[in-house]
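The values are calculated or read from the model by the stated rules, or taken from the named source; none is laboratory data. Note that this is a predicted model, so its numbers are computed, not measured. Here the Cβ positions follow ideal geometry from the backbone for every residue, glycine too, while neighbour counts run over all protein chains shown. Areas reflect the complete protein model, heavy atoms only, side chains present, ligands, DNA and RNA absent. Shrake-Rupley method; radii C 1.70, N 1.55, O 1.52, S 1.80 Å.
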Amino acid sequence: MLLSLVVHTYSLRYWFPATVMLGTAPAYLLSWGAWRLLSTVLPASVYHKLDDRLYCIYQSMVLFFFENYTGVEIVIYGDIPKNKENVIYLSNHQCTADWIIADMLAIRQSALGHVRYVLKDGLKWLPLYGWYFSQHGGVYVKRSAKFNERSMRKKLLTQTQCGAPMYLVIFPEGTRYNPELPNVIADSQAFATKEGLAVLRHTLTPRMKASHIAMETMKGHLDAVYDITVAYEGTVSTSGQRTPAPSMPEFLCKECPRIHIHFDRVDIKEIPSEPVFFRRWLHDRFEIKDRLLTDFYESQDADKKCRFPGEGKPSQLKLSKTLPSVIILGGLTLPLLLTENGRKLYVRTWVCGTLLGWLWVNAFP
């Protein structure tokens, strides 16, 4: 009985935030849909301004759970600019919670609404979210020979030509680094050897295509590249081997005590545009990441292990940055659930939003 209660209580640590985040999605979609209809006669730049604001409200609510609710400590190495910039955010990729890290940095620059993602194509099938990410400026891409360069350029040009602020998040590895999938790591290392590139041990060999297309398409619109290296504390076994980074449920169950984020700003003028030189530059950046992560996980020096070089500054997100969004979205959702007609509208929004989203994403990639 007691064990059952403990297990039930533990599961609530995940189901409570998951229910709120998913449960408020229809109310958010209805609000966004109303604005989308009203803005059809307005300039695209006006639509994007309020869309970014609405997106900021929803993502702030998400960050309430990932930061304030979990109590995770964020330690940042390097100085994040206080002003908003148009940037490409390049990071190593380990788990499904990595996209939250981009939000964590963006909200500290008051640029959360500007975040847009380059996502693998399969994610467009996520109910509601898959469609909306595309509407917010997200780009879905397929790997290798199926990569649609023209579609990506068109999507990015549509955004930049109307002056939409860009905080474009790209994970160049293309898939997650997971120490429990040695075949994926071995294939990545074999590819690096074949191409005459340095073999990486704690990241996968980066793919350049999406990053290079984004850089070339938006070069007149960008200020910098944010080169981010992330390490989740507690991901080393007792034998000293690296273990998988926490999944989103594990994160929400407060199983990640601390996240270390190494931040490096690279001015856009310092990045070569020619493909062959850009590829070398990108791999060099990942070699730097690999050395940082090697020291983090394997250093015999106690002062270097489980930390990055330099001064790590704990960064606690103020409750005032996230709690108002929880209240706003909760206030929009509750009326839908308290009446029979509201509940019907709620369910129809989920169903119709999902079906229309699939059709829209496939008809207008």
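At-a-glance table
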| item | result |
| --- | --- |
| The range 228-242, subset in contact (Cβ under 8 Å) with a residue 40 or more places away in the chain and over 23 Å from the mean Cα position of the chain (by Cα), residue nearest to VAL75 (Cα to Cα) | VAL236 |
| Test set (1) touching a residue at least 40 places away in the same chain (Cβ under 8 Å); (2) under 25 Å from GLU270 (Cα atoms) - GLN109 fails condition number | (1) |
| Residue selected from the range 219-247 under the condition part of a loop (DSSP other than H, G, I, E, B) and among the hydroxyl-bearing types (Ser, Thr, Tyr), by the criterion nearest to ALA190 (Cα to Cα) | THR243 |
| Unmet criterion (only one of (1) farther than 16 Å from ASN86 by Cβ; (2) touching a Cys at 6+ places or on another chain (Cβ under 9 Å)) for HIS114 | (1) |
| So SER60, is it open to solvent by less than 20 Å² (accessible area, probe 1.4 Å), of a type in the set (Ser, Thr, Tyr), farther than 26 Å from ILE259 by Cβ and part of a helix (DSSP H, G or I) | no |
| Residue match in the range 157-171 (condition: open to solvent by 10 Å² or more (accessible area, probe 1.4 Å), β-branched (Val, Ile, Thr), within 20 Å of CYS56 (Cα to Cα) and more than 14 Å from the chain's Cα centre (by Cα)) | yes |
| For LYS154: the one exception among (1) in contact with a strand residue (DSSP E or B) (Cβ under 9 Å, 6 or more places away or on another chain); (2) surrounded by fewer than 21 Cβ atoms within 10 Å (Cβ to Cβ); (3) in a helix (DSSP H, G or I) | (1) |
| Checklist (1) outside any helix (DSSP H, G or I); (2) open to solvent by 50 Å² or more (accessible area, probe 1.4 Å) applied to ILE74, failing item | (2) |
| Lone qualifier among GLU250, GLU255, GLU216 - being assigned to a loop (DSSP other than H, G, I, E, B) and of a type in the set (Asp, Glu) | GLU255 |
| VAL199, sole failed condition from (1) over 30 Å from TRP15 (Cα atoms); (2) at pLDDT 95 or above; (3) open to solvent by less than 40 Å² (accessible area, probe 1.4 Å); (4) of a type in the set (A, V, I, L, M) | (3) |
| Residues satisfying the stated conditions in the range 197-215, i.e. touching a residue at least 60 places away in the same chain (Cβ under 8 Å) and more than 20 Å from the chain's Cα centre (by Cα) | LEU197, ALA198, LEU200, ARG201 |
| Any hit, the range 207-223, residues being in contact with a Ser or Thr (Cβ under 8 Å, 6 or more places away or on another chain), open to solvent by less than 50 Å² (accessible area, probe 1.4 Å) and under 15 Å from GLN94 (Cα atoms) | no |
| Residue tally, condition in a helix (DSSP H, G or I) and open to solvent by 20 Å² or more (accessible area, probe 1.4 Å), over the range 77-123 | 5 |
| Any pair with Cβ under 6 angstrom, 6 or more apart, that starts in the range 66-94 at a residue that is in contact (Cβ under 8 Å) with a residue 60 or more places away in the chain and of a type outside the set (Ser, Thr, Tyr) and ends at one that is open to solvent by less than 50 Å² (accessible area, probe 1.4 Å) and part of a helix (DSSP H, G or I) | PHE66/ILE100; ILE88/ALA214; ASN92/LYS289 |
| Failed item in (1) in a helix (DSSP H, G or I); (2) in contact with a Pro (Cβ under 9 Å, 6 or more places away or on another chain); (3) of a type outside the set (D, E, K, R), with PHE133 passing the rest | (2) |
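The rows are residues; the columns are (1) open to solvent by 70 Å² or more (accessible area, probe 1.4 Å); (2) on the phi > 0 side of the Ramachandran plot; (3) among the acidic types (Asp, Glu); (4) in contact (Cβ under 8 Å) with a residue 12 or more places away in the chain.
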| position | (1), (2), (3), (4) |
| --- | --- |
| GLU255 | yes, no, yes, yes |
| ARG265 | yes, no, no, yes |
| LYS269 | yes, no, no, no |
| ALA302 | yes, no, no, no |
